[in-house]
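Worksheet: one structure, shown below.
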Amino acid sequence: MFSPDFVKQPLIPAVVQNDETGRVLMLAYMNEESFELTKSTGIAHFWSRSRQEIWKKGSTSGNYLEVKALQLDCDSDAILVLTQPHGPSCHTGSESCFDTSEFVIDGELNND
């Protein structure tokens with residue numbers, strides 16, 4: 001059956017990726033309800049840990065994530081959400097929450 005074990009782990013990490021480019025857009029969390037809403041609507045829903053409520057991505061900004069596929073990892077304890085983004089995915093207005101100029105290669109911090 002295609003479902004994470006929400007009894008064992010009530011919140012499952014969800015890695016959101018652009019289906020066309022492969023770019024990682026954000027990391028969020030899903031509970032059973034947000035997972036089922038995502039499957040039934042085709043729009044990404046998550047659990048907001050700060051607000052303690054279901055969060056439909058784009059409900060206030062209009063920048064929603066159209067879900068193309070959901071994949072579980074080998075242990076069914078992480079979800080890959082392949083999406084077509086409609087607008088920026090990050091609350092800062094960036095395409096990705098991982099837009100940053102800092103990165104580490106071989107232990108060296110680079111600021112390009």
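The values are calculated or read from the model by the stated rules, or taken from the named source; none is laboratory data. Predicted, not measured: the structure shown is a model, and the values here were computed from it. Here the Cβ is made from the backbone with ideal geometry for all residues, glycine too, and neighbour counts use every protein chain on show.
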Taking Tyr29 as meeting all but one of (1) hydroxyl-bearing (Ser, Thr, Tyr); (2) surrounded by 13 or more Cβ atoms within 10 Å (Cβ to Cβ); (3) outside any strand (DSSP E or B), write down the number of the exception. (3)
Does at least one position in region 82-91 carry a residue that is assigned to a loop (DSSP other than H, G, I, E, B), touching an Asp or Glu at 6+ places or on another chain (Cβ under 8 Å) and among the hydrophobic types (A, V, I, L, M, F, W, C)? yes
Expected single match for out of contact with any strand residue (DSSP E or B) (no Cβ under 7 Å at 6 or more places or on another chain) and either under 16 Å from Pro13 (Cα atoms) or among the aliphatic types (A, V, I, L, M) (or both) among Ser59, Ser50 is Ser50
Complete set of residues in region 1-26 that are surrounded by 20 or more Cβ atoms within 10 Å (Cβ to Cβ) and hydrophobic (A, V, I, L, M, F, W, C): Ile12, Ala14, Val16, Leu25, Met26
Cβ-Cβ below 8 Å, separation at least six or inter-chain, first residue in region 1-25 and more than 17 Å from His86 (Cβ to Cβ) and at pLDDT 90 or above, second among the basic types (Lys, Arg) and in a loop (DSSP other than H, G, I, E, B): which pairs? Leu11/Arg49
Looking at region 36-49, is at least one residue among the aliphatic types (A, V, I, L, M), touching an Asp or Glu at 6+ places or on another chain (Cβ under 9 Å) and either in a loop (DSSP other than H, G, I, E, B) or within 20 Å of Phe98 (Cβ to Cβ) (or both)? yes
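Kindly evaluate Ser96 against the criterion of being surrounded by 15 or more Cβ atoms within 10 Å (Cβ to Cβ), within 13 Å of the chain's Cα centre (by Cα) and either part of a loop (DSSP other than H, G, I, E, B) or among the β-branched types (Val, Ile, Thr) (or both). Give the derivation first.
On the way: surrounded by 15 or more Cβ atoms within 10 Å (Cβ to Cβ): yes; within 13 Å of the chain's Cα centre (by Cα): yes; either part of a loop (DSSP other than H, G, I, E, B) or among the β-branched types (Val, Ile, Thr) (or both): yes.
Spelling it out, Ser96 is indeed surrounded by 15 or more Cβ atoms within 10 Å (Cβ to Cβ), within 13 Å of the chain's Cα centre (by Cα) and either part of a loop (DSSP other than H, G, I, E, B) or among the β-branched types (Val, Ile, Thr) (or both).
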Checked region 40-73 for anything surrounded by fewer than 13 Cβ atoms within 10 Å (Cβ to Cβ), among the β-branched types (Val, Ile, Thr) and touching a His at 6+ places or on another chain (Cβ under 9 Å); matches are none
